[in-house]
Amino acid sequence: MSVASVASVRSGVAGPWPSPLRAAPLGSLGSLASAAGDFHQGAATNDSVNATQMDPLPDTQVDTAPEEDPAAAAAEAARKAAARPWGKLIPLWGSGEHQLLRRRPAAPAPLRPVWARGLASLPGTDLSSDLDHKTQEAIQDAAERRQTGVSLKTLLDTGRGDLLQKLDSVDPTSTATEQMLIQVACFLHHELPIRLARRVVDLQRIKLLRDMESVQLVHRWYAQSFQELLNSPPPNTIEREADFAKLLQNIYQRHAATLLTMAQGAYELRREISKSDGVVAFEDHREIHNFLDSFYMSRIGIRVLIGQYLALRQPPVDSYIGLVQTATSPAQVAQAAVEDATYMCERQYGEAPNVTLHGCLDRNFAYVPTHLHYILLELLKNSMRATCEFHGDADYLPDVKIILADGDSNEDVVIKVSDEGGGIRRSHMKRIWSYLFTTADPEIQKGFVEIGGAETDFDTHSPLAGLGYGLPISRSYARYFGGDMQIMSMEGFGTDAFVHLNRLGDADEPLP
């Protein structure tokens, strides 16, 4: 087993990694497979989406449509069903297969039970009243469609062009790269409205949290993005694909602040709950936690799909296919995370514990390095903070250890982050995965929210301990491509965090 300090792997650090928002012309992606076979692009040969185009979203608009004759309403519903693009043959991204997405009879989803106590005085908000009737109807319809999951392997194969099929509606003189981008764009044009609509409906239904101003803002973002996608024509030509990419860039940037804004909503709800009597502990509200867990997992998926597509449009970067690095070095990503966490810890405490790397430092595998960096940064922030606070004014801070385990026959790449920061109370262990629990100073939370630093997701400018989202979001990142995360603690000594990453890349994303 090799042992090294972080300084010994400083050279060749993988970050910063390609950004999906860097504007660039279409470029070669290397050895793309030649287009072969017939590809019947249902969505690419019709513009029926225009039949459902709607006026821009008003700031606030309550549906005041007059009552309709039942027979006329039924006829209109049948006409809309025939015109919707959802029933067309849509090519599955990454395969030459087609799938007919048929309309299912509309059935109201079961409303979640009333579970909170002592909150009758809180306001009740109907977020759907912010949307016009046609928009809400389209959202409900799209939310009933089946999502299509992708795997890391699918992202790689599609980006290489290995699964590229011939697009009948594309100029035969177009390059394989252009055809691949159109294929991916058509998939996103079909898939993203479904995912966005599901989140809009969830935001409308989650009790209490939907009453918070920040959550209502996120609801408006998702509804706006849904409508923009629904009103856009199928990206079945080179020109339309370029316009579609600009639209997705705007959507990607619009939703960059979603994580912090939703955290603000949770903080606002915590503040409201503190005013009520006889309420169970905020972090024990299982309904809200389950909602946030599925919401953030879906958000990761949406940003991966958009980010991968936008990154594929950039000039090629060595060893990258879109956002995926084919030879991700856990040791190098760990080094970048150590440097960021050390900077944050020294800013907070004036010092930081040393970090040593052990194990398989020369192994690599295909992964999204930004995901791994986020996971390791959050774990290191926790370990460094715990070490500094537990050992107080001691002359010596114990090292934080990162152990990397991998092998040709391993199912997973396993990373352990180990510290001697005093561990976690057993009574707190069940809460560490809650988005609603944090041990940070409430004044830090309040200040972080009131600053309004919501332009991007958390980075090195955020507090070392803030809104309590680090661990649950990190576990969601690990689980997205089939991995997982566990925490083992020995109160009075320290904590071990285990990150499992699927090295085969064949696990489909979880679809909430």
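Among the residues making up the stretch 131-154, a single one is surrounded by fewer than 19 Cβ atoms within 10 Å (Cβ to Cβ) and of a type in the set (Ser, Thr, Tyr): SER151.
Taken over the stretch 419-452, the criterion of being modelled with pLDDT under 90 and of a type in the set (Lys, Arg) is satisfied by LYS430, ARG431, LYS446.
Consider LEU357 carefully, then state whether it is in a loop (DSSP other than H, G, I, E, B), in the same structural domain as VAL414 (by TED's automatic domain parsing) and in contact (Cβ under 8 Å) with a residue 60 or more places away in the chain. Spelling it out, it is not the case that LEU357 is in a loop (DSSP other than H, G, I, E, B), in the same structural domain as VAL414 (by TED's automatic domain parsing) and in contact (Cβ under 8 Å) with a residue 60 or more places away in the chain.
How about the stretch 337-365: which of its residues are in contact with a helix residue (DSSP H, G or I) (Cβ under 6 Å, 6 or more places away or on another chain) and within 24 Å of ILE300 (Cβ to Cβ)? Listed by number, the residues that qualify are ALA337, VAL338, ASP340, ALA341.
The values are calculated or read from the model by the stated rules, or taken from the named source; none is laboratory data. All values reported here derive from a predicted model rather than from experimental measurement. Cβ sites come from the backbone with ideal geometry, for glycine too, and all protein chains shown count toward neighbours.
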